[in-house]
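Engineer: Let me begin by handing over the structure; questions about it come next.
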Amino acid sequence: MAEPKQKPGRSKQDYGTPDVFIEAIARRFGRPDFDLAATAANTKAPAFFTLESGQDSLLQDWTKLRNEHDEAVQVAFLNPPFANIRPWAAKLDAECRFLPRWTLMLVPASMGSLWWRDHVLHKCQADGVTRMQFVGADSLYPKDLAICCYGFGVTGSGFWQWTKESEAA
């Protein structure tokens with residue numbers, strides 16, 4: 001399968017996360033009950049921030065998130081726009097590293113970038129994940145991906161084979 005051509009700064013920024021990946025997250029961490037960067041059409045949790053309703057997620061307090069039942073959030077999920085990941089990673093680093101919950105960010109595994117060095121490396125559990133096809137895309141995402149897991153003061157790195165086929169192997 002041919003990989004799509006890169007379009008820096010011009011690519012679609014609101015592809016949805018595949019449900020099969022969210023199911024794998026639910027098995028490993030618990031079902032996400034808050035989506036930090038969503039639209040009403042692509043949210044992966046019952047409670048979410050969306051620019052459509054005037055909620056700029058980066059201006060919200062992520063330390064006190066409440067779910068749709070007004071209970072403390074147990075698992076927050078984030079698939080940010082890939083064009084500018086630094087502010088999202090910085091906010092996770094500043095607010096979520098030591099919280100007693102998981103806050104998960106799905107991003108390109110950009111180990112050579114400054115945002116990765118400053119806000120991911122030694123700041124969370126960063127696991128490489130197999131490439132996936134985002135909802136609305138016509139092919140696999142052309143770069144390696146990572147799930148950055150902030151919470152409980154956990155740090156490290158690894159590789160997570162999240163697909164059902166690889167879990168059975």
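The values are calculated or read from the model by the stated rules, or taken from the named source; none is laboratory data. Because the structure is predicted, anything quoted here is derived from the model rather than measured. Positions of Cβ are generated from backbone atoms using ideal geometry, with glycine treated the same way; all protein chains shown enter the neighbour counts.
Engineer: Quick one: is M132 part of a loop (DSSP other than H, G, I, E, B), of a type in the set (A, V, I, L, M), closer than 19 Å to A26 by Cα and in contact with a strand residue (DSSP E or B) (Cβ under 8 Å, 6 or more places away or on another chain)?
Structural biologist: Values: part of a loop (DSSP other than H, G, I, E, B): yes; of a type in the set (A, V, I, L, M): yes; closer than 19 Å to A26 by Cα: yes; in contact with a strand residue (DSSP E or B) (Cβ under 8 Å, 6 or more places away or on another chain): yes.
In short, yes.
Engineer: Among what's in segment 96-109 and is farther than 11 Å from C148 by Cα and in contact with a strand residue (DSSP E or B) (Cβ under 8 Å, 6 or more places away or on another chain), pick the residue that is surrounded by the most Cβ atoms within 10 Å (Cβ to Cβ). Working first, answer last.
Structural biologist: Taking segment 96-109 as the starting set, the residues that turn out to be farther than 11 Å from C148 by Cα are 96, 98-101.
With the extra rule that they be in contact with a strand residue (DSSP E or B) (Cβ under 8 Å, 6 or more places away or on another chain), the set shrinks to 96, 99, 101.
On the way: C96: 25, L99: 20, R101: 19.
Residue satisfying both the conditions and the ranking: C96.
Engineer: Separate question: How many of the residues making up segment 103-116 are outside any loop (DSSP other than H, G, I, E, B) and either aliphatic (A, V, I, L, M) or within 11 Å of the chain's Cα centre (by Cα) (or both)? Reasoning before the result, please.
Structural biologist: Of the residues in segment 103-116, the ones outside any loop (DSSP other than H, G, I, E, B) are 103-108, 114-116.
After this cut, where a residue has to be either aliphatic (A, V, I, L, M) or within 11 Å of the chain's Cα centre (by Cα) (or both) as well, the list is 103-108, 114.
Total satisfying the criteria: 7.
Engineer: Just one of the numbered conditions (1) modelled with pLDDT of 90 or more; (2) out of contact with any Pro (no Cβ under 9 Å at 6 or more places or on another chain); (3) within 14 Å of N79 (Cβ to Cβ) is not true of G30; which one?
Structural biologist: Every condition holds for G30 apart from (3).
Engineer: Anything in segment 70-95 that is in a strand (DSSP E or B) and either at pLDDT below 95 or buried (at least 20 other Cβ atoms within 10 Å of the Cβ) (or both)? List them, or say none. Lay out the reasoning, then the answer.
Structural biologist: Of all residues in segment 70-95, those in a strand (DSSP E or B) come to 72, 75-78.
Scanning segment 70-95 gives V75, A76, F77, L78.
Engineer: Let me ask something else. Show the residue pairs that are 6+ apart or on different chains and have beta-carbon atoms under 8 Å apart, the first residue being within segment 143-160 and more than 12 Å from C124 (Cβ to Cβ) and at pLDDT 95 or above, the second being assigned to a loop (DSSP other than H, G, I, E, B) and of a type outside the set (S, T, N, Q).
Structural biologist: So the pair list comes out as L145/A109; L145/R131; L145/M132.
Engineer: For A47, which of the numbered conditions (1) touching a Pro at 6+ places or on another chain (Cβ under 8 Å); (2) aliphatic (A, V, I, L, M); (3) free of Cβ contacts under 8 Å to residues at least 60 places away in the same chain; (4) surrounded by 17 or more Cβ atoms within 10 Å (Cβ to Cβ) fails to hold?
Structural biologist: Result: A47 passes all but (1).
Engineer: A further question follows. Give the residue that is surrounded by the most Cβ atoms within 10 Å (Cβ to Cβ), with candidates limited to residues of segment 23-43 that are part of a loop (DSSP other than H, G, I, E, B) and among the charged types (D, E, K, R). Break it down into steps so the answer makes sense when it comes.
Structural biologist: Going through segment 23-43, the residues part of a loop (DSSP other than H, G, I, E, B) turn out to be 29-33, 36-43.
Now restrict to residues that are among the charged types (D, E, K, R): 31, 33.
Values: R31: 15, D33: 23.
Going through the qualifying residues, I end up with D33.
Engineer: Could you check how many residues of segment 135-149 are assigned to a strand (DSSP E or B) and out of contact with any Lys or Arg (no Cβ under 8 Å at 6 or more places or on another chain)? Before the answer, list the steps.
Structural biologist: Here is the first cut: in segment 135-149, the residues assigned to a strand (DSSP E or B) are 135, 145-149.
Filter once more, so that each one left must be out of contact with any Lys or Arg (no Cβ under 8 Å at 6 or more places or on another chain): 135, 146-149.
Looking only at that region, the number is 5.
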